[in-house]
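Some notes on the structure that comes next.
The values are calculated or read from the model by the stated rules, or taken from the named source; none is laboratory data. A quick note: this is a predicted structure, and the numbers were derived from the prediction, not measured. Cβ placement follows ideal geometry from the backbone for every residue including glycine, while neighbour counts extend to all protein chains displayed.
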Amino acid sequence: MTDDVSLLAIQKRLTALKLAGMKKTLEMRLQQAGGDAVSYTEFLSLLLEDEIQNRQDNKRKNLFRAAHFPFEKGIEDFDFTFQPSIKKREILELATGNFLQTTTNILFIGQPGTGKTHLSVALGIRALTLGKTVSFTTLWDMLDILNQSRADYSYAKKIQGYLKPDLLVLDELGYKSLSPQSVQDLFEVIARRYEKKSTIITSNRNISEWDKIFLDKTLTTALLDRLLHHCQVIEIKGESYRVKHKN
Ligand code: ADP
Ligand code: MG
C-alpha cells in the first residue's frame, strides 16, 4: 500500500517536472529492480536513458509531422525495374544525404505518375532520419500562402518557413503559368536558399519550357542560374505507374 502511494507521488512529481519518459517506464523499472539485482546507479541510469529515448522519439515524430509529407513511402517501396530510365545507383547515392552537405538541388522531370513525388518523399524521409529538417509542399500551396501573407503582413515570417529547412521539396511545378508576383516569390526562395540549403523540385515540364510557366525570360534565366548551378537533374522517361497499376 505504502509502495502504491509513493509510486503515485513519484509519478505526480515526474509529471510536474515534465519527465514523461521516466513516468512511462517507472513501474516496469521498479519491478525489474525488485526482481533482478539491479543496483541503485543502474536503476537510475536506465530510467534516465528511458527519458532520453522518449524525448528523441517525440522529436522525430514532431519533425515528421512538421515535414507535411503527402504520404509515407521510402526508397525500398520504389520499383526500379518499372522505371529503367532512373539509375538506382544515383538514387541510392542521393539517399546517403551527401547532397545536403554540398547544398546540391535535385530536379525530377517526368510525366505524371512516373514517381517524382514518391522519390522526393523518400529522400525527404531519409533526410529526416539523418537529423535534417525537411518541409514538403506543393509549389502552388507555397505561392498561395506567400501571396495571402501579404494581406496580413506575415510575409517575412511565412517566407522564413521556406528558407529555414535543410531540405525544401517543391512539388508540381508546371501545370499552370504563374503570376509575376508568384514568380518573384519563387525566385526569392530559390535565390535565398542558393548555396545554403538544398531544394528538390518536381516538374512535368522540361526546363526549356519553364519560361512558358514564368512568363518572364529575365527572371527565368536568373532563377535557373541559381537553381541549376549545383543541381542533379533526373529525367524520368517512362510510363505512369498509376495507369499501369490501376486494376
Ligand atoms: P508523380 O509525382 O510523378 O506524378 P507519384 O510519385 O505520385 O508520381 O506516383 C504515383 C503513385 O505511383 C504513387 O502512389 C507512387 O508511390 C506510385 N509509384 C510511382 N512509381 C512507382 C514505382 N516505380 N514503384 C512503386 N511505386 C510507384
Ligand atoms: Mg507528383
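Structure values in brief
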| read-out | value |
| --- | --- |
| Test: residue in segment 40-63 that is hydrophobic (A, V, I, L, M, F, W, C) and under 14 Å from Asp171 (Cβ atoms) | no |
| Residue list for segment 61-73, filter: outside any helix (DSSP H, G or I) and surrounded by 16 or more Cβ atoms within 10 Å (Cβ to Cβ) | Phe69, Lys73 |
| Residues (more than 16 Å from ligand 2 (Cβ to nearest atom) and in contact (Cβ under 8 Å) with a residue 24 or more places away in the chain) located in segment 97-119 | Gly97, Phe99, Leu100, Thr102, Thr103, Thr104, Asn105 |
| From the options Lys176, Lys217, residue that is assigned by TED's automatic domain parsing to the domain that holds Gln111, over 26 Å from Asn62 (Cα atoms), within 16 Å of ligand 2 (Cβ to nearest atom) and out of contact with any His (no Cβ under 7 Å at 6 or more places or on another chain) | Lys176 |
| Residues of segment 199-227 classified as assigned to a helix (DSSP H, G or I) and closer than 15 Å to Leu173 by Cα, total | 12 |
| Within segment 57-80, considering residues that are of a type in the set (Gly, Ala, Ser) and under 25 Å from Arg242 (Cα atoms), the one farthest from ligand 1 (Cβ to nearest atom) | Ala67 |
| Residue ranges of strands (runs of 3 or more DSSP E) in segment 87-198 with at least 2 members among the acidic types (Asp, Glu) | 167-173 |
| Residue that is nearest to the chain's Cα centre (by Cα) [pool: residues in segment 228-247 that are at pLDDT below 90 and either in a helix (DSSP H, G or I) or within 18 Å of Ile91 (Cβ to Cβ) (or both)] | Arg242 |
| Single condition Glu42 does not satisfy, out of (1) of a type outside the set (A, V, I, L, M, F, W, C); (2) closer than 22 Å to Phe136 by Cα; (3) assigned to a helix (DSSP H, G or I) | (2) |
